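Worksheet: the structure to be examined is printed underneath.
Just so you know, all these numbers are worked out from the coordinates, no wet-lab data involved. Treat the numbers as computed from the prediction; the structure is a model and nothing was measured. All Cβ positions, even for glycine, are placed from backbone atoms using ideal geometry, and neighbour counts span all protein chains on display.
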């Protein structure tokens with residue numbers, strides 16, 4: 001199908017900022033301008049009440065946590081205790097069916113907030129994990145039509161990972177990790193710049209759950225197969241202390257020594273980053289998935305993202321798991337990113353345009369998706385139309401940024417992913433919201449009965 005989006009109130013496009021119309025053919029943006037003439041057999045979309053953004057790119061998520069929101073035991077705990085009380089308490093009991101419904105819920109929330117690409121740090125692997133658990137995530141993404149980057153987590157030793165140790169979770173062997181990675185790569189991974197499915201090598205924790213020789217082996221596997229790499233790092237000060245105690249190196253120097261810095265690497269959080277960390281990241285092209293809501297919720301701190309960006313560190317934004325970021329919304333993350341750093345560094349610390357770019361083009365670059373993240377001719381047609389003809393946005397003097405300024409609740413009128421309309425006139429295709437709600441509620445009840 002070909003589509004002509006016409007008469008938008010505004011379009012976020014650095015290449016053609018005055019455009020009001022977008023022509024889509026196959027999976028690409030083929031024309032930007034104003035007063036474009038419709039072609040034969042082209043579907044017209046009236047965007048006069050809408051602002052148009054590139055689809056948002058979530059660079060760090062945990063879809064399994066979509067059924068772990070607001071667990072009372074973890075509400076007032078810091079990261080270490082929370083990991084044991086919430087995700088690691090439940091995840092050995094998550095079946096493929098539960099995972100499927102959790103993934104559908106998480107991806108639904110992503111799509112409803114304007115996300116078109118989601119990087120899921122999926123770490124529910126242990127010695128006896130069934131391959132169907134991972135397959136359920138791919139299946140949910142296929143059904144909903146969203147781009148999925150599956151960051152394949154692993155832990156080959158419990159080590160100082162409190163949650164694994166406390167719940168007696170038997171880690172995978174290195175051989176299991178390699179064999180299971182290879183299965184996923186052959187079944188799902190796509191290398192192209194507009195890939196709908198990507199696989200990433202992603203140790204759950206660089207410091208706590210993998211030995212140096214394991215990291216070296218997996219780095220070689222990733223490079224040999226042109227896969228990117230991802231992990232958590234410096235979310236809390238405990239990472240730094242453990243790295244110095246175990247390896248005699250700072251956390252960032254341990255990453256460098258292990259071969260886990262580079263243009264094909266990005267880390268979630270990096271809250272406790274000093275000038276040396278930022279210099280190392282910038283010089284190697286290693287990126288960040290900034291997760292402000294989760295970092296606030298767990299009391300972890302604030303990553304120095306404006307300083308990172310000025311130094312040249314690639315910046316993306318992530319929602320993180322809904323067990324510590326219950327809104328599940330990228331708009332929430334964009335809005336909080338804009339506000340949080342201004343509270344610390346003054347109003348010049350962040351601009352609306354910069355934050356939106358971090359949440360779209362910047363995120364796509366971090367994930368290695370070269371054809372995604374911009375409203376520009378030649379790019380893959382990942383486009384979101386927000387309906388701003390609503391009371392919440394009626395008084396906004398800068399309509400283009402209304403969804404970021406006002407944040408949730410917002411309404412996605414249309415969402416295109418790879419040239420296909422996934423949301424049409426506010427309706428998400430293939431999802432019965434009442435049935436989704438029922439299945440998730442049943443999943444939560446089954447999970448509670450199993451622990």
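Please report Rg over Rh for region 326-451, where both radii come from the alpha carbon positions and Rh follows the Kirkwood definition.
In region 326-451, Rg relative to Rh is 1.03.
Ranked from highest to lowest mean number of other Cβ atoms within 10 Å per residue, what is the order of the peptides 226-234, 426-434, 116-124?
116-124, 226-234, 426-434
How many percent of Cα pairs in region 64-156 exceed 23 Å?
It works out to 27 percent of all Cα pairs.
According to a simple spin-label model (label point 7 Å from Cα along Cα-to-Cβ), what is the distance in nm between residue 274 and residue 397?
Label at residue 397, label at residue 274, 4.4 nm between them.
What is the calculated FRET efficiency for residue 311 to residue 143, with r their C-beta to C-beta distance and R₀ = 51 Å, to the nearest 0.05?
Efficiency, rounded to the nearest 0.05: 0.80.
When a footprinting reagent is the concern and you count Cβ atoms within 10 Å, what order do 53, 338 take, fewest first?
338, 53
Could you tell me what percent of the DSSP beta bridges with both partners in region 1-76 are antiparallel, to the nearest 5?
The answer is about 55 percent antiparallel.
What order do you get for 99, 1, 308 when you list them from fewest to most C-beta neighbours inside 10 Å?
The fewest-first ordering by Cβ neighbours comes to 1, 308, 99.
If I model a spin label as a point 7 Å beyond the Cα along the Cα-Cβ vector, how far apart are those points for residue 43 and residue 246 in nm?
5.0 nm
In what sequence do 115, 451, 236 fall when counting other Cβ within 10 Å, fewest first?
451, 236, 115
With N set to the residue count of region 1-158, report its C-alpha Rg divided by 2.2 N^0.38 Å to two decimal places.
Expressed relative to 2.2 N^0.38 Å, the Cα Rg reads 1.37.
When the chain is fully extended, how far beyond the present Cα-Cα distance does residue 178 get from residue 190, taking 0.36 nm per residue of separation?
Extra length from residue 178 to residue 190 when fully extended: 2.5 nm.
Against the longest alpha carbon principal axis of the chain, how many degrees, from 0 to 90 and to the nearest 10, is the axis of helix 174-188 turned?
20 degrees
Take the alpha carbon atoms of region 185-237, find their center, do the same for region 343-386, and report the distance between the two centers in whole angstrom.
23 Å
Applying a 10 Å radius around every beta-carbon, put 6-13, 392-399, 320-327 in order of their mean neighbour count, most first.
Highest mean packing first, the order is 320-327, 6-13, 392-399.
Enter the Cα centre distance for the pair region 1-40 and region 54-71, rounded to the nearest angstrom.
30 Å
Take the alpha carbon atoms of region 288-358, find their radius of gyration, then divide it by 2.2 N^0.38 Å using N residues; give the quotient.
1.02
Measure nothing fancy, just the Cα-based angle from helix 96-112's long axis to the longest principal axis of the chain, in degrees from 0 to 90, nearest 10.
40 degrees
Quick one: helix 433-450 against the long Cα principal axis of the chain, what's the angle to the nearest 10°, folded into 0 to 90?
Value to nearest ten degrees: 10.
Based only on Cα atoms, what Rg/Rh ratio does region 183-307 have, Rh being taken as Kirkwood's radius?
0.97
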